[in-house]
Amino acid sequence: MNTGATPTTTSHRARSDSGAIRARPAGFWRDLISVAGRALRAIPREPEAFIPALIVPLFFFAVNVGALADVGQFVGVNDFEAFQLPVAIVFAVTGISRASALVTDIQSGYFDRLLVSPVNRYSLLLGLMVADLVLVMALCLPVLALGFILGIGFATGPLGVLAFLLLSGLWGLAFTGFPYAIALRTGNPGAVNSSFLLFFPFAFLTTTFLPQEALTGWLAAVADYNPVTYLLAGLRALISSGWSPSDLLPAIGAVVGVGVVSFALAFSALRARVSRA
């Protein structure tokens, strides 16, 4: 008669100094994969989280191209469809995150239960961000497909298309830190849903409708400091002018700069919630 724990059971446990049996940490990468996998599996069950993110950019792309193409030619933009495609992509990927699901986990107590387990704390946030990166790059595909249907070609070829997708996805990932910071600080779904408002100054105080040289006055001054200005320039270069370091390097710098700020806020909020728990 076996009165002790089986080898299989004890292999998944670790003994503390006091002799109590506790769960053994699985490790950062396994925790990351588990959190990301759970988040990805939940996405098809929540179409309201991503369908508007697809409809809105397609709508704006169609309206802007149909209504402003003549204005674009007036200010020297000959291919207005190619000029507007990066704008639609940026609208598709910005503000897309699992922050609302994180708030649900916080309110239900599931997040606190995770914190008393040996799961790696950073994987709780990074796993969600991995799922976000997969989602935002997937959202780029229908917008790109519409661009190809309209005859938009890439001067940089297939490799440029991949670079376009990667740069767009990394921008979407960089911006996710803001809604996660709000979610972790407040645990309030209304506050998280309002976080997209942070993007509006980035979206419209830039070269959304006109090239930078056509902007004047205070708008031109603000656009010079707007990271989206440099992101759009880099994406447009991949379509129209080729591998231009003078456009691509500032675009990468803009993504990194926004990511450093947003991630610092998000992980600071995570540490604060962990300490409270």
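Below, the figures for the structure above:
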{"read-out": "Using θ = phi - 60° and Karplus 6.51 cos²θ - 1.76 cosθ + 1.60, couplings along region 171-177 (whole Hz; Gly, Pro as x)", "value": "5, x, 5, 4, 7, 5, x"}
{"read-out": "The chain: most fluctuating residue of A88, A203, A220 per GNM, C-alpha cutoff 10 Å", "value": "A220"}
{"read-out": "Fluctuation leader among R41, R98, R185 - the chain, Gaussian network, Cα springs under 10 angstrom", "value": "R41"}
{"read-out": "Between 0 and 90°, nearest 10: helix 99-108 axis offset from the chain longest Cα axis", "value": "30 degrees"}
{"read-out": "On Cα atoms only, tilt of 227-240 relative to the major axis of the chain in degrees", "value": "70 degrees"}
{"read-out": "Relative contact order of the chain, defined on C-alpha pairs under 8 angstrom at six or more residues apart (%)", "value": "22 percent"}
{"read-out": "Potential lengthening between V256 and Q212 on full extension [0.36 nm per residue; Cα-Cα distance subtracted]", "value": "13.7 nm"}
{"read-out": "Fully extended contour minus Cα-Cα distance, from E48 to A191, at 0.36 nm per residue", "value": "49.7 nm"}
{"read-out": "Once the Cα gyration tensor of region 23-276 is diagonalised, semi-axes √(5λ) in Å", "value": "35, 18, 17"}
{"read-out": "Most mobile listed residue (A99, A36, A214) in the chain, GNM with C-alpha springs under 10 Å", "value": "A214"}
{"read-out": "In Hz, Karplus ³J(HN,Hα) per residue of region 52-65 (6.51, -1.76, 1.60; θ = phi - 60°; x = Gly, Pro)", "value": "x, 5, 8, 5, 4, x, 5, 5, 5, 5, 5, 5, 5, 5"}
{"read-out": "Ellipticity estimate at 222 nm from DSSP helix runs (n ≥ 4, -39,500 (n - 2.57)) divided over the chain, nearest 500", "value": "-23000 deg cm²/dmol"}
{"read-out": "Sequence ranges 112-121, 54-63, ranked by mean other-Cβ count within 10 angstrom, highest first", "value": "54-63, 112-121"}
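Laboratory data are not the source of any read-out in this text; all were calculated from the coordinates shown. Source: prediction; values computed, not measured. Because the Cβ atoms are built from the backbone with ideal geometry, glycine has one as well, and the counts that use them run over all protein chains shown.
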